[in-house]
Structure formats: structure tokens, C-alpha cells
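The values are calculated or read from the model by the stated rules, or taken from the named source; none is laboratory data. These numbers come from a predicted model, not from an experiment. So basically every Cβ, Gly included, is an ideal-geometry build from the backbone, and we count neighbours across all protein chains shown.
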Amino acid sequence: MRKTLFILLTFVSVLNCKGPEARVPVTKKSGSFIKESIERNKELNAREHNKIKALIANLNDTTYIASNSGFWYKYNHKVEEESILAEFGDIVNFKYCIKDLNGNIIYSEDELQTQNYTMDQQEIFTGLREGLKLMKVGETLTFIFPSQKAYGYYGDENKIGTNVPLICQVTLNSITKNE
């Protein structure tokens, strides 16, 4: 009986005992950081687009085409005949060089060497992937990519810094269809 009473009193004292109160979070999520980040990115995008449009105007080159994907391109050598375009899984062989908006070479064709790329199945920056889909075998195009279509905020962790728009001259050598 004594043991039962002891257990009962212990149980009652545990129920009445207040432990430490739960801590209230120091910061609250408000979404303002995300909103500010969106605004910064919109401003950066607008500045880069204006800079690119000014560059094209200064070149007096009316042959640049604004893509639906948010970059510009022109044909250095255009193939007029009907030809296949690269699609998902096709292997494209191409060479290219990368320059900054002032025309300074960042990576030469020799540094980058001829590339084989499996469409949409390997890592390559967004603008180049989208640009290759516009090209026919034998064509050479010059692309101007805003930073968000190139290496964006992180750069390439080597020669391309944060938020750097790029000019790429690309020659498509071949397309091997995925069967």
C-alpha cells in the first residue's frame, strides 16, 4: 500500500510540476528576403539587357535576333538548306569561344576544345544549351547571353565571375541523332 501511495504521489507531483517553457523563435519568417532578392534580380536583369542592347546598337549590327529565351544571336555563317536540328538525347559536336561584353577573350576555342554534348542530358550553361537547339550543322552563330543565361551568380569558379554577361561564338560541326 505504501509503495502504491508513493507511486501515486510521484505521478501527481510530475503532473503539477512545470518544466522549462518552450522558447519563442528569435526571428520570424516574413518572405521579405525573397521579395528583396526578386527585386534585385529584376534590376540586374534590366541593367544587363540595357547594356546588351546598347552594345548591339554601338556595333551598328541590325542582324542580331532577340530569342524567345532571353538572349540575342546573329548568324556569322547561315546554312540555308533544310536540315535537322538537335533534340533531346542527340549528340552535338561543336566548338566555341567565350568573351566578355568588351570582346576580351575569357576562354579561347583552343582552351575549350571541340565538345561533344548530349542534348539536355549533360551539364552545360542554359543559354548555350538553348542556342545549340537553334543551329544547323555547319552554322556559326554569335550569342550574347545575360548572366542568368550564362553562369549566373556563381560564375564558373575560375575565369568567369559573378553575374557576367557573355558573348559566345559557336560553330556546330555535327548532330548524331539518338535512335
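Selection of first residues in region 31-50 that are under 24 Å from W72 (Cβ atoms) and of second residues that are surrounded by 10 or more Cβ atoms within 10 Å (Cβ to Cβ), restricted to Cβ pairs under 7 Å at least 6 apart or on distinct chains, gives the following pairs, ordered by first then second residue: L44/N163; N45/P146; N45/Q148; E48/P146; E48/S147; E48/P165; H49/P146.
Is it fair to say N60 is on the phi > 0 side of the Ramachandran plot, of a type outside the set (G, A, S) and free of Cβ contacts under 8 Å to residues at least 24 places away in the same chain? It is true that N60 is on the phi > 0 side of the Ramachandran plot, of a type outside the set (G, A, S) and free of Cβ contacts under 8 Å to residues at least 24 places away in the same chain. Scanning region 63-72 for residues that are in contact (Cβ under 8 Å) with a residue 40 or more places away in the chain and under 13 Å from K149 (Cα atoms) yields a total of 5. Inside region 164-179, can you point out the residues that are crowded, with 18+ Cβ neighbours inside 10 Å, farther than 18 Å from E123 by Cα and either among the β-branched types (V, I, T) or at pLDDT below 95 (or both)? Correct list: V164, I167, T171. Any residue that is modelled with pLDDT of 95 or more, in contact with a Phe, Trp or Tyr (Cβ under 8 Å, 6 or more places away or on another chain) and aromatic (F, W, Y) - is there at least one of those in region 107-118? Yes, region 107-118 contains at least one residue that is modelled with pLDDT of 95 or more, in contact with a Phe, Trp or Tyr (Cβ under 8 Å, 6 or more places away or on another chain) and aromatic (F, W, Y). Considering region 90-102 alone, what residues qualify as being closer than 19 Å to G138 by Cα and surrounded by fewer than 16 Cβ atoms within 10 Å (Cβ to Cβ)? If the condition is that a residue be closer than 19 Å to G138 by Cα and surrounded by fewer than 16 Cβ atoms within 10 Å (Cβ to Cβ), then N93 is the only one that fits. Just one of (1) at pLDDT below 85; (2) in a helix (DSSP H, G or I); (3) of a type in the set (K, R) fails for K28. It is (2). Among the residues of region 73-89, the ones that are more than 22 Å from G152 (Cβ to Cβ), surrounded by 14 or more Cβ atoms within 10 Å (Cβ to Cβ) and of a type in the set (S, T, Y) come to 1 in all. Being closer than 25 Å to T162 by Cα and surrounded by fewer than 17 Cβ atoms within 10 Å (Cβ to Cβ) narrows it down to one of G127, G70, so name that one. Answer to the selection: G70. Search region 141-162 for residues being touching a Gly at 6+ places or on another chain (Cβ under 6 Å), closer than 17 Å to N104 by Cβ and in contact (Cβ under 8 Å) with a residue 60 or more places away in the chain, and hand back the single one that is surrounded by the most Cβ atoms within 10 Å (Cβ to Cβ). Checking each candidate, the answer is F145.
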